[in-house]
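Working notes, beginning with the structure itself.
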Amino acid sequence: MQELIERHRQDAAEGKLAYESCRACDHHQAFVRGFCSRCGSEDLEWKTAAGGGRVAAHSVLHRAPTPDYREKVPYAIALVDLDEGMRVMGHAGLDLKPGERVSLSFAPHGERSLLRFDRSSREE
Amino acid sequence: MKQAWIAGVGDTPFGRLEGRDSLDLMSQAAAAALADGGFERGEIDGLLTGYSTAMPHLMLATLFAEHFGLSPRYCHAIQLGGATGCALVMLAKLLVESGQCRNVLVVAGENRLTNPGGRDSAIQTLAQVGHAEFEVPFGATIPGYYGLLASAYMGAYDISEEDLAEMAVLMRRNAGRHPGAQLRDPITVADVMASRPIASPLKLMDCCPISDGGVAVLVTADEGRAKGVRLAGAGQAHTHQHISAAPSLDAFGGATAAQQAFEQTGLSVSEVQVAGVYDSFTITVTILLEEIGFAARGQAAALARQGHFEPDGPLPLNTHGGLLSFGHSGVAGGMAHLVEVVRQMSGGAGERQIDRPLDVGFVHGDGGVLSSHVSLVLTRE
């Protein structure tokens, strides 16, 4: 599991959002774990999300859990339904609303490169 | 099969209880429950506890048994977040019905507010119900997770922030009638709207406080020594741990758990006469009321405005003030709803007593981010 997490983080550092795609049942999962949570198959393909999605939920946080976030208040998090079908959490623009189209990027936070969503520049 | 009855309930006031640790609060509540039922320690053959964030221990149930002076033949703790209290009582029901135990003490308590490290420590600990790799690193908090689902749910069913505020106002009004409640000063919808933002769309008064407190419930097979209230039905549902992995943002498992509990009794949601529904946030109780079927989707606030959930309305709800105003001390917070429903059904609610027969009660707890659900149906017989 830790090996998969490290690989996922390395992809993030390169600006890529990795996910696992099951060759047996075509299930896509954002929480990597080395087996398919739907059918149990270990025949998974490591893929990179194309980058587009739609906001499912959004919240602006005014109270932070840890010192590193206290200096960033207010900041926003969102649940985004990626075009590949997975739902993921990421940082988000402050003024997004559910239903809006977004595209992903990564931004540094401490030693990590964290997923972020902003309003998509292209009309679709 | 034997039947499971409530023999006694006990609690401490909720709020700032300086100098009391988890074992103190659990002991006070347990002693009150035994006294309420007229039971001696030696009669308790089953002990179930939750966890305490203020006193993490590998074996909290055994620790408490030794401390309180019990030698149960069945004893362990359960961890299910806010659903723990209802899950403990459900297990007590099953243990009694199966004949494994005769008298099961369920007890919870912690000094979550005044524990060294206090609120900030609790907030950080609680945020860990999020995914360690894919949620927590984003600075997400429990109010943040609930803020997310509130944004989705309110958009889907055209619910306003003023609608949510109705639930906070109702709980505060109820808490004003309970001498043990933490927050008793009346508030208005405008007060809720003006309270400082925490995790949009949730503001401070949409969120429950953090409290010290303890609650205990005694479940028995002995109908003759019970309070006339039976644990008639119980059900659970667990669809996810993390909000990112929830299969739906409007069907979280609450209805599934409730339907199981109702099916066991032959009763339906429309027959419930008094309810205790988990209200960690205004959005929590709004979603649960609507998912379980106490209100149509998007209509809980309208019913609240009409007085539907008032003590003299068709469905008295959280008449002790709920987590939002009675207070939230972890596992005990989720058990306080049950204690209040039992008191109302058995005529023990004092000046808050609802002045009509209450034959069917319902209690629902949820843990995590609407992740784990336990429903209980109580009947007066």
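Across chain B, C-alpha contacts under 8 Å between residues 6 or more apart give a mean separation that, scaled by the residue count, equals a relative contact order of 26 percent.
Shown is the FRET efficiency for A:SER121 and A:ALA13, computed with R0 = 30 Å from the Cβ-Cβ distance and rounded to the nearest 0.05: 0.80. Could you please report the charge total around A:ALA49, scoring K, R as +1 and D, E as -1 over all other residues with beta-carbon less than 12 angstrom from its beta-carbon? Charge balance in the 12 Å sphere: -2.
Within 10 Å of the Cβ of each residue in B:127-140, the mean number of Cβ atoms contributed by other protein chains is 6. Count Lys and Arg as plus one, Asp and Glu as minus one, and take only other residues whose Cβ is under 15 Å from that of B:MET26; the net charge is then -3. Taking 4.7 Å between beta carbons as the limit, the unpaired Cys residues of the protein assembly as shown are B:CYS75, B:CYS86, B:CYS101, B:CYS207, B:CYS208. Computed from label points 7 Å out along Cα-Cβ, the spacing between B:GLU271 and B:GLU162 is 3.9 nm. Classify the protein assembly as shown as rounded, prolate or oblate, taking a ≥ b ≥ c as the square roots of the eigenvalues of its Cα gyration tensor: rounded when a/c is under 1.5, otherwise prolate if a/b is larger than b/c and oblate if not. Prolate.
Rounded to the nearest 500, the 222 nm mean residue ellipticity of chain B from helices alone is -11000 deg cm²/dmol, with -39,500 (n - 2.57) taken per DSSP H run of at least 4 residues. Mean per-residue shielding of peptide B:196-205 is 4, counting Cβ atoms of other chains within 10 Å of each Cβ. For the stretch A:50-124, the mean projected area of the C-alpha convex hull, equal to one quarter of the hull surface, is 5.2 nm². Binning the C-alpha pair distances of chain B at 10 Å intervals from 0 yields a P(r) profile of 6, 27, 37, 24, 6, 0 %, listed from the shortest bin outward.
Taking the Cβ of B:THR84 as the centre, find all other residues whose Cβ is under 14 Å away and add up their charges (Lys, Arg: +1; Asp, Glu: -1). Here the count lands on -1. Sparsely packed loop sites in the stretch B:1-78 (the GluC sites (Glu not before Pro) outside DSSP H, G, I, E and B with at most 12 other Cβ atoms within 10 Å) comprise B:GLU18, B:GLU40. Working ranking of peptides B:78-84, B:330-336, B:349-355, B:219-225 by packing, defined as the average number of other Cβ atoms within 10 Å per residue, highest first, is B:330-336, B:78-84, B:219-225, B:349-355.
Each reported figure results from applying straightforward, stated rules to the coordinates on display, with no laboratory input. As the structure is a prediction and not an experimental result, all values here were calculated from the model. Cβ sites come from the backbone with ideal geometry, for glycine too, and all protein chains shown count toward neighbours.
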